[in-house]
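What follows is one structure encoded as structure tokens, with my remarks underneath.
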Amino acid sequence: MTPTFFDNPVIPGFSPDPSICRAGDDFYLATSSFEYVPGVPLWHSRDLVHWRLIGHALDRASQLDLPESTGASGGVYAPTLRYHDGRFWMITTVVGGAGTVLVTTRDPAGPWSDPVPVDIPGIDPDLAWDEDGTCWCVYSDGGIHGARIDPGTGARLGEPVAMWSGSGLQYPEGPHLYRIDGWWYLLLSEGGTERGHAMSLARSRTLPGPFTPHPANPVLSHRSTGHPVQNTGHGDLVQAQDGTWWMVLLGTRPRGDTPKFHGLGRETFLVPVRWEDGWPLPGPLELRAQAPALPPHPWPPQTDRDDFDTPVPAPCWVTARRLDPAAVRLDERPGHLVLHARAAGLDTPGAVFVGRRQRDPDCTARTRVTVDADGRGGLAVRLDEAHHYEVETGGGTVRAVARIGPLSHSVAEHRVPPGPVTLRVDITTTVDLPPTVTGRDAPVPPGLRVGGPDTLRLGYETAEGAFTALAELDGRYLTTEVAGGFTGRVIGMYATRGSAAFDWFELRRS
């Protein structure tokens, strides 16, 4: 059979901390969501390469209630998704909220149960069952610890025990525990989720240990390399139907001048796993790699456009902290998404914003909006409350606004005729220059932009469809390297005064 190939990442854009399980011929994967709701996106695949978003594990207020005081990059941290005894289990930590919680279902598309509180501290909880059915929860809390729990009640069935804390690098976290061929394998990340991120392995014949580390830890890291994918770590293992093993893990694709920047956030990548001397060793990670020897199963293409003609939002839409049914309406004006302002600006946690993750480095976002007489709303590229660019309309004008840390500035403003306005943002990656060009002692050639990973052009379209750009802004200020935190860009619609009715929205690869 002629080998087929796939492109990494397999889930592009702000999809960190992937956890995977298999049920029969189907694979399911969960990722972190932080302050965005619904929480914990769930993906389905048949071939490990093509993934379809099928819903969220925490999709209603009774499951996830994030207060407005939840900081950016707070909320729902790394989940673990497992299939055991005919049920799906998802455990995660809601930082600044309910703590560690566990939900279950027989259908990963939902509905999922109301959450059960789990009596453990720390973050990044994992679930594993031994041969007699005992459930172990392994988690990060200044090291990797484990405790037996009752998954039905969340009660702890004994005191936590220290298991293993990696090779000595900072922040041992993201543990996953597996029972394979008479061994317990403990996989974890360390070194921090930035450029020093790494993954290490240990194993033991019994629980709770002691665990013996792999002699060549870390078993996967791209730190201090020129690889186009960096920050690699937080992986999870799965065995395919043909007996091969694979790992999903997070990584970033930084671009631009030193120290390089990533705006899409941490994404989900796929790597093969080989077994050597009884150890599962992941890699290499390649941007174009040989696909698993499974029947290819591409889903219908993801729609680029939403005309808002359904009674509920599509699964790709998220908002920050909570969805207010009175402020986000699909039933108020047929074929429109109507937003009613709750805060005077996107700098405020209570602002009404509905968006979707930026998945492609080069893309164009467009929407057609009508605001009421006193309204103001528009199109925003958001990283957090202190880092966002937007183009908005209201009061007979269109203006571009940039918020960078403590500074907010109206960059440009044009008068427009009354009525609907088509707003647009073009995102274009900048040219990666060789070191001899970007070196401190060498001039930058005229006409080449250096600095951030991309350039954002914000503006509007005339009645004839011509694009009028109001501002051209460096994308570095909407990246983790500048803003901090754990999330990636989300592009969407908002209202900050009165109401705004959006006829359609599209986000297309350029």
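Summary of values
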quantity: Where labels lie 7 Å past Cα in the beta-carbon direction, separation of Glu472 and Asp65 in nm; calculated: 5.0
quantity: Rounded FRET efficiency, nearest 0.05, which uses the C-beta distance separating Arg274 from Arg22 and R0 of 22 Å; calculated: 0.70
quantity: For the range 205-350, average projected area of the Cα convex hull in nm²; calculated: 15.4
quantity: Nitroxide proxy distance, nm - points 7 Å out along Cα→Cβ at Arg106 and Ala344; calculated: 5.4
quantity: Segment Ala293-Cys316, extension gain: residue separation times 0.36 nm, minus the distance between their alpha carbons; calculated: 5.4 nm
quantity: Over the chain: helical MRE at 222 nm, DSSP H runs n ≥ 4 each giving -39500 (n - 2.57), nearest 500; calculated: 0 deg cm²/dmol
quantity: Sequence ranges 239-245, 124-130, 392-398, ranked by mean other-Cβ count within 10 angstrom, highest first; calculated: 124-130, 392-398, 239-245
quantity: Accessible area of the range 12-149 belonging to carbon and sulfur atoms, whole % at 1.4 Å probe; calculated: 48
quantity: The range 1-35 residues near the modelled Asp242 label - backbone nitrogen below 13 Å, point 7 Å along Cα→Cβ; calculated: 1-6
quantity: Relative packing of peptides 268-275, 459-466, 287-294, 25-32 - highest average C-beta neighbours within 10 Å first; calculated: 25-32, 268-275, 287-294, 459-466
quantity: Cleavage-rule hits (trypsin sites (Lys or Arg not before Pro)) in the range 26-105: DSSP loop, at most 16 neighbouring Cβ within 10 angstrom; calculated: Arg60
quantity: For q = 0.24, 0.25 Å⁻¹, Debye-computed log10 I/I(0) when each Cα of the range 179-277 counts as one equal scatterer; calculated: -1.30, -1.36
quantity: Solvent-accessible area per residue, Å², over the range 272-378 with all protein chains present [probe radius 1.4 Å]; calculated: 49
quantity: Residue list for the range 121-140, given a label point 7 angstrom along the Cα-to-Cβ vector of Arg179 and an amide N cut-off under 19 Å; calculated: 126-139
quantity: Debye equation applied to the C-alpha atoms of the range 87-188, log10 I(q)/I(0) at 0.10, 0.20, 0.22, 0.23 Å⁻¹; calculated: -0.27, -1.05, -1.23, -1.30
quantity: Amide H partners (placed H, <5 Å) of Met163, local residues excluded; calculated: Ile144, His145, Gly146
quantity: Coarse-grained scattering of the range 284-407 at q = 0.14 Å⁻¹, given as base-10 log I(q)/I(0) from a Debye sum over alpha-carbon atoms; calculated: -0.74
quantity: Inter-part distance where the range 155-192 and the range 307-354 are each reduced to a Cα centre, Å; calculated: 40
quantity: Ordering of 180-193, 103-116, 406-419 by burial proxy (mean other Cβ atoms within 10 Å per residue, highest first); calculated: 180-193, 103-116, 406-419
quantity: Accessible-area value, Met90, 1.4 Å probe, nucleic acids and ligands omitted, Å²; calculated: 0
quantity: Rough spin-label spacing in nm, given labels placed 7 Å along Cα→Cβ, for Asp372 and Ala463; calculated: 2.7
quantity: Inverse mean reciprocal Cα-Cα distance (Kirkwood Rh) of the range 7-125, Å; calculated: 14.3
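The values are calculated or read from the model by the stated rules, or taken from the named source; none is laboratory data. The structure presented is a predicted model; accordingly, all values stated were derived computationally and were not measured. Cβ sites come from the backbone with ideal geometry, for glycine too, and all protein chains shown count toward neighbours. Keep in mind that these areas ignore ligands, DNA and RNA; they rest on the heavy atoms of the full protein, side chains included. Shrake-Rupley method; radii C 1.70, N 1.55, O 1.52, S 1.80 Å.
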